[in-house]
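The values are calculated or read from the model by the stated rules, or taken from the named source; none is laboratory data. Everything numeric in this text was worked out from a predicted model, so none of it was measured. Positions of Cβ are backbone-derived with ideal geometry, glycine not excepted, and every protein chain shown enters the neighbour counts.
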Amino acid sequence: MTPDYDVAIIGGGIQGVGVAQAAAAAGYKVILFEQQQLASGTSSRSSKLIHGGLRYLESGQFGLVRKALLERALLLKLAPDLVRLVPFYIPIFPETIRRGWQIRAGLSLYAALGNFSRDVRFKKISPQAYPTLALKGTASLQAVYQYHDAQTDDRSLTMSVMQSAMQLGAELVCSAKVSSLESQKKRFVIGYEQQGRQLECQSRVVINASGPWVNEILALLNPVMPHLEMDLVQGTHLVLAEKAPDGVYYVEAPQDQRAVFVMPWQGKTLIGTTETAYSGDPEKTRPLQAEKDYLLAIYRHYFAGDETVVNSFSGLRVLPKMAHNFFHRPRDTVLYQHPDNTNLLTLYGGKLTGYRATAQQVMNKIRAALPDVQQKADTAKLMLSPVEQSLT
Ligand SMILES: Cc1cc2nc3c(=O)[nH]c(=O)nc-3n(C[C@H](O)[C@H](O)[C@H](O)COP(=O)(O)OP(=O)(O)OC[C@H]3O[C@@H](n4cnc5c(N)ncnc54)[C@H](O)[C@@H]3O)c2cc1C
């Protein structure tokens with residue numbers, strides 16, 4: 001008997017919906033399971049940047065930065081109502097560790113990796129303009145560099161990619177928690193709970209895009225299969241009452257020299273992020289008092305605005321285990337095709353920005369296991385628009 005679906009995806013975060021869109025565009029029969037709501041995991045708790053990741057140049061991740069800048073350029077075209085360029089400012093004070101020449105070198109490399117397009121050019125701000133910046137202590141500023149990157153609403157972007165997948169025929173099952181996964185000859189049997197009912201379906205290929213829950217999904221497997229060791233790293237953001245700054249300020253934390261963003265967000269000020277080792281149930285991630293104190297101290301160091309915290313949220317990064325500290329770990333997605341059954345692919349980590357390119361890589365890996373079908377669309381050309389009514 002033919003399985004019900006070609007591709008079943010577990011997880012309705014940006015990576016899962018990206019694969020749903022790519023697989024539906026390729027012409028396959030697709031189903032996506034989300035245990036709560038779309039983007040209820042990490043994909044609504046990020047820094048909301050569609051960026052190359054200037055700071056990843058410090059850890060030599062040039063390939064990641066180049067790929068992300070290409071995807072940024074594409075998303076600016078495909079999703080003009082969801083992704084927009086904003087100015088970024090990097091201030092250099094006497095105590096700043098990353099000196100002006102280093103910032104200039106980094107921004108030049110960033111521009112080169114972005115093919116020197118208009119949107120990746122940078123400049124040094126004239127000292128006459130310092131009083132217009134949101135910063136305090138501008139009298140001691142030694143330099144301020146300005147470049148551009150893009151901002152989005154991560155939840156809205158995720159929903160609009162799923163909308164695009166559904167327009168191509170993908171099915172969304174929400175709220176439906178996958179609770180069993182059995183590998184049979186040439187198919188998987190997927191058990192899930194929806195509204196108190198226990199249901200099941202079959203698929204040729206399974207994509208495990210469950211973010212911080214990936215290894216919990218693999219623990220359901222029958223028969224058992226190996227998995228990669230990973231760390232979960234919590235990142236917290238605070239929303240402050242202060243009105244939105246005129247752009248994103250990329251500042252160095254005085255406590256440990258990490259790069260932190262102070263950004264406009266829904267008319268207010270968003271500051272983040274932290275990097276705190278996390279263990280336990282991904283559902284229970286919450287901002288810690290120490291993280292709030294750390295972020296507020298940074299804000300107070302550079303800004304004089306209203307520090308009242310009106311909201312805060314935490315998300316979990318998935319970083320495959322290695323010796324480097326968290327800041328220097330590679331941030332690209334690791335696609336793990338299970339040696340015991342290559343029709344199961346697990347996505348570890350990755351960036352919001354790179355979801356479309358990652359989905360294409362996934363398609364390249366699974367195509368051999370799928371039937372010949374007629375392609376319906378190309379995700380590099382599909383426009384994305386905000387979702388106006390519920391998808392479920
Ligand atoms: C603090 C922080 C800041 C970041 N900032 C940026 C940024 O500015 N720009 C950028 O490009 N990237 C950023 N990232 C990275 C980016 O946010 C993540 O890589 C991305 O959101 C991960 O998406 P995902 O789909 O893999 O996981 P998730 O969004 O977590 O989605 C996984 C989904 O799987 C579902 N699920 C789990 N178990 C089951 C089950 N049994 N059945 C059904 N569904 C299940 C969950 O409910 C969840 O919705 C940031 C990450 C963090 C942590």
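Just for the stretch 6-16: of the residues that are buried (at least 24 other Cβ atoms within 10 Å of the Cβ) and more than 6 Å from the ligand (Cβ to nearest atom), which one is nearest to Gln234 (Cα to Cα)? Out of the qualifying residues, it is Ile9.
Residues in the stretch 170-218 that are on the phi > 0 side of the Ramachandran plot and not polar (S, T, N, Q): 3 in all. Which residue is surrounded by the fewest Cβ atoms within 10 Å (Cβ to Cβ), if the candidates are limited to the stretch 17-44 and must be more than 25 Å from Ala377 (Cα to Cα) and more than 7 Å from the ligand (Cβ to nearest atom)? Only one residue tops the list, namely Gln37.
Can you confirm whether the stretch 375-387 contains a residue that is at pLDDT below 95, touching a Leu at 6+ places or on another chain (Cβ under 9 Å) and farther than 17 Å from Gly211 by Cβ?
no
Search the stretch 191-215 for residues being in a helix (DSSP H, G or I) and touching a residue at least 40 places away in the same chain (Cβ under 8 Å), and hand back the single one that is farthest from the ligand (Cβ to nearest atom). Out of the qualifying residues, it is Val214.
Out of the stretch 248-269, which residues are at positive phi and in contact (Cβ under 8 Å) with a residue 40 or more places away in the chain?
Gln257 - this is the single residue of the stretch 248-269 that is at positive phi and in contact (Cβ under 8 Å) with a residue 40 or more places away in the chain.
Scanning the stretch 149-179 for residues that are within 10 Å of the ligand (Cβ to nearest atom) and assigned to a strand (DSSP E or B) yields Asp149, Ala150, Gln151, Thr152, Val173, Cys174, Lys177, Val178, Ser179.
Any residue in the stretch 128-140 that is modelled with pLDDT of 95 or more and closer than 30 Å to Ser40 by Cβ? Within the stretch 128-140 (the criterion being modelled with pLDDT of 95 or more and closer than 30 Å to Ser40 by Cβ), the answer is no, since none of the residues qualifies. Any residue that is β-branched (Val, Ile, Thr) and more than 21 Å from the chain's Cα centre (by Cα) - is there at least one of those in the stretch 257-278? The answer is no, given that none of the residues of the stretch 257-278 is β-branched (Val, Ile, Thr) and more than 21 Å from the chain's Cα centre (by Cα).
Do the conditions hold for Leu319, that is, is it closer than 21 Å to Glu71 by Cβ, of a type in the set (A, V, I, L, M, F, W, C), touching an Asp or Glu at 6+ places or on another chain (Cβ under 9 Å) and surrounded by fewer than 21 Cβ atoms within 10 Å (Cβ to Cβ)? Yes; evaluated as a whole, the condition is true for this residue.
For the residues Thr379, Thr358, Thr346, Thr353, the requirement of being buried (at least 21 other Cβ atoms within 10 Å of the Cβ), within 11 Å of the ligand (Cβ to nearest atom), in a loop (DSSP other than H, G, I, E, B) and under 21 Å from the mean Cα position of the chain (by Cα) singles out Thr353. Exactly one residue out of Ala244, Ala277 is closer than 29 Å to Pro320 by Cα and surrounded by fewer than 17 Cβ atoms within 10 Å (Cβ to Cβ), and it is Ala277. Within the stretch 364-376, the set of residues being under 22 Å from Leu345 (Cβ atoms) and assigned to a loop (DSSP other than H, G, I, E, B) comprises Leu370, Pro371, Asp372, Val373, Gln375, Lys376.
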